Amino acid sequence: SFLSPQELESFDPSLSGVPILNPLSQEEAVLRPSLLPSLLKTAALHHSHKIFDVRLFEFRKIFQKGKGGQIDERLSLAGVLSGTRLLSHWSLPKGETDLYDLKGLLERLFAGLGLKGLEWQPAAPPAEVSFLHPQVALGVVLNGERIGLLGGLHPNVAEQFELKRPTFIFEIDW
């Protein structure tokens with residue numbers, strides 16, 4: 001549930017974590033406002049060991065500063081995908097994971113949960129979502145309310161985390 005301010009800055013400079021008053025170390029100085037930085041750090045560890053087929057998911061609480069200085073705590077589901085497509089078969093062409101694989105995964109998840117009214121919209125302007133590739137990003141809308149984002153990781157962020165293959169991410173408010 002903790003991050004270093006530097007990890008958060010590498011991911012998205014516009015995000016601010018909730019500072020811990022007396023942290024044990026600088027690596028754990030803020031409560032995380034997103035699950036993605038720690039997932040990307042784990043994916044980078046796999047890539048550094050030449051394990052490029054990565055499928056990571058996490059369902060946990062995140063923390064953000066609310067109105068009046070309150071700390072808002074809510075559940076979030078996030079994931080990271082990279083490498084070759086999960087399904088390999090002699091009759092299917094080999095290929096790298098892409099946005100459509102991630103979109104299909106989320107569609108199956110929502111259908112399995114019996115949730116209806118799922119829509120895909122263009123993501124927020126790149127200035128608002130600096131960690132997503134501007135041409136490979138979608139907003140997730142459920143019953144008219146934006147609940148998350150998905151897309152390709154921006155090359156600058158991928159470089160910061162030392163990810164060696166195209167990486168696709170999502171985060172959904174639960």
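Of all residues in the stretch 58-90, exactly one satisfies the criterion of being within 16 Å of Glu171 (Cβ to Cβ), open to solvent by 70 Å² or more (accessible area, probe 1.4 Å) and aromatic (Phe, Trp, Tyr), namely Phe59. Scanning the stretch 91-113 for residues that are surrounded by 10 or more Cβ atoms within 10 Å (Cβ to Cβ) and hydrophobic (A, V, I, L, M, F, W, C) gives Leu99, Leu102, Leu105, Leu106, Leu109, Phe110, Ala111. Within the stretch 55-64, being without any contact (Cβ under 8 Å) to a residue 40 or more places away in the chain and not basic (Lys, Arg) holds for Leu56, Phe57, Glu58, Ile62. Residue pairs whose Cβ atoms lie under 6 Å apart, separated by 6 or more positions or on different chains, with the first residue in the stretch 23-36 and over 25 Å from Gly79 (Cβ atoms) and the second assigned to a loop (DSSP other than H, G, I, E, B) and open to solvent by 30 Å² or more (accessible area, probe 1.4 Å), are Ala29/Ile20; Ala29/Pro23.
Looking at the stretch 117-170 only, could you name the residues that are in contact (Cβ under 8 Å) with a residue 60 or more places away in the chain and open to solvent by 30 Å² or more (accessible area, probe 1.4 Å)? Within the stretch 117-170, Glu128, Ser130, Gln160, Glu162, Lys164, Arg165, Pro166 qualify.
Could you list, in sequence order, all residues of the stretch 38-91 that are in a strand (DSSP E or B), under 19 Å from Phe131 (Cβ atoms) and hydroxyl-bearing (Ser, Thr, Tyr)? Within the stretch 38-91, Ser76, Ser82 qualify.
The values are calculated or read from the model by the stated rules, or taken from the named source; none is laboratory data. The shown structure was predicted, so the numbers you read here are calculated from the model rather than taken from an experiment. FYI the Cβ positions are ideal-geometry reconstructions off the backbone, even for glycines, and counts take in every protein chain you see. Remember, those area values only see protein heavy atoms, side chains included, never the ligands or the DNA or RNA. Shrake-Rupley method; radii C 1.70, N 1.55, O 1.52, S 1.80 Å.
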